[in-house]
1. What is the residue count in segment 165-193 for residues that are open to solvent by 80 Å² or more (accessible area, probe 1.4 Å), more than 19 Å from P127 (Cα to Cα) and not charged (D, E, K, R)?
2. Might you let me know whether segment 214-226 holds any residue that is in contact with a Pro (Cβ under 9 Å, 6 or more places away or on another chain) and over 24 Å from T116 (Cβ atoms)?
3. With E252, E263 as the choices, which residue is surrounded by 16 or more Cβ atoms within 10 Å (Cβ to Cβ) and either in contact with a His (Cβ under 7 Å, 6 or more places away or on another chain) or acidic (D, E) (or both)?
4. Mind counting the residues in segment 87-139 that are part of a loop (DSSP other than H, G, I, E, B), at pLDDT 90 or above, more than 23 Å from S242 (Cβ to Cβ) and open to solvent by 80 Å² or more (accessible area, probe 1.4 Å)?
5. Give the residues of segment 183-218 that are more than 18 Å from the chain's Cα centre (by Cα), of a type in the set (F, W, Y) and not in a helix (DSSP H, G or I), sorted by residue number.
6. For L222, state whether it is open to solvent by less than 70 Å² (accessible area, probe 1.4 Å) and of a type outside the set (D, E, K, R).
7. Specify which of the listed residues (A267, A224, A253) is in a loop (DSSP other than H, G, I, E, B) and small (G, A, S).
8. State whether one or more residues within segment 156-163 are open to solvent by less than 80 Å² (accessible area, probe 1.4 Å) and hydrophobic (A, V, I, L, M, F, W, C).
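The values are calculated or read from the model by the stated rules, or taken from the named source; none is laboratory data. Only a predicted model underlies this, so the values are computations on that prediction, with no experimental measurement involved. So basically every Cβ, Gly included, is an ideal-geometry build from the backbone, and we count neighbours across all protein chains shown. With ligands, DNA and RNA removed, areas are computed over all heavy atoms of the protein, side chains included. Shrake-Rupley method; radii C 1.70, N 1.55, O 1.52, S 1.80 Å.
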Amino acid sequence: MDTDYLDDLPEGELRPLSKQLLADLKEARERLKQSPDTSSRPPSSREPWQSNQSSAEPSEEAPATDDLSALDSSESSSDDLPSQDSATPPAATGDSGKPKKAGRQVGSPGYSRNLTLPVTRTIEHRPDCCAACRQSFADNTDYRPWNARFELELEIGNAESPKLQIEHSRHDYFSATCPCGHQTRAEPGRGADEDGWSVALSEWHLCGPRLVSFLVYLSLSLRASRSRIQAYLRDWLGIYLSTSTINQCIHEAGRAVAPVVDEQLIAELKAAGLLHIDETPWKEAGQLFWLWVFVSAQTVIYQVGKRHRLVVNQLLGEAFCGLLMTDG
């Protein structure tokens, strides 16, 4: 179809053709406006650089109203309105009339983890000396329990009986009162807070070090998702861990090995004769970052950051004496 074709058409055929072209134009514009927030398209079809904010958020220019009589009867009929007999309940609202936030409400009863595994051993932690005067406690000191925690640890068999099993330990913490009057408590160890880390290194944790290492292996070496790791632990080891607990364990392990990355692995990359570098889009918490990979013959380091040469300079320094290859 071109201008010559339209010039040769009689006037009676131009009008239906114009209506058809108008309908096609409207349909094309609607398709351009479609997104995972406004259509049935999956979220994976969204481009990496597009914002992840939902367009379904309420607009400030359109105030909400609960008065159904304000609705235009020409645009919505009574059949479209939810009835009181409908199986879908209306959205819960608070005392102020505003919708409640998702999740547990303030003041509602909480639920803790149900203890189903038998305790295989009990470990007692007692303070050695007074925290105030540093005087050692005598053998006949009256220790009193004040707290306890449970820990799941992965036990690996020997060459004669190679097997994986979970050991469920109970750690009891005791307190003692010094003759000076100060009460000292044995507490789980905790690492100092560091800038840039939202997770803490603490012994007050459900998973032991060997189990955490196993979770990291399943996630990074075997590329298993959090839900698949959860299913594996439930089906083969008989324990249940939430996906948030698994995710926290992996992040804490990342902080624990950060000194190894900063000191040993980066030094190996700088000394490599041939180094490969590449980057790919990486979304984290709804924001667009870039996942960098630095690969030598024996070392691999991943770095999440902006698509800027500063990422390379911060990792390798201002000069690199070997061969640097990227994109072939």
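1. Going through segment 165-193 one residue at a time, the tally reaches 1.
2. For segment 214-226, residues in contact with a Pro (Cβ under 9 Å, 6 or more places away or on another chain) and over 24 Å from T116 (Cβ atoms): absent.
3. Result of the check over E252, E263: E252.
4. Total meeting the criteria: 4.
5. W204
6. no
7. Working: A267 fails: in a loop (DSSP other than H, G, I, E, B); A253 fails: in a loop (DSSP other than H, G, I, E, B).
Step by step, each of A267, A224, A253 is checked, and only A224 is in a loop (DSSP other than H, G, I, E, B) and small (G, A, S).
8. In the first step, residues of segment 156-163 are kept if they are open to solvent by less than 80 Å² (accessible area, probe 1.4 Å); the result is 157, 161.
Filter once more, keeping what is hydrophobic (A, V, I, L, M, F, W, C): none.
Looking for residues that are open to solvent by less than 80 Å² (accessible area, probe 1.4 Å) and hydrophobic (A, V, I, L, M, F, W, C), one finds none in segment 156-163, hence no.
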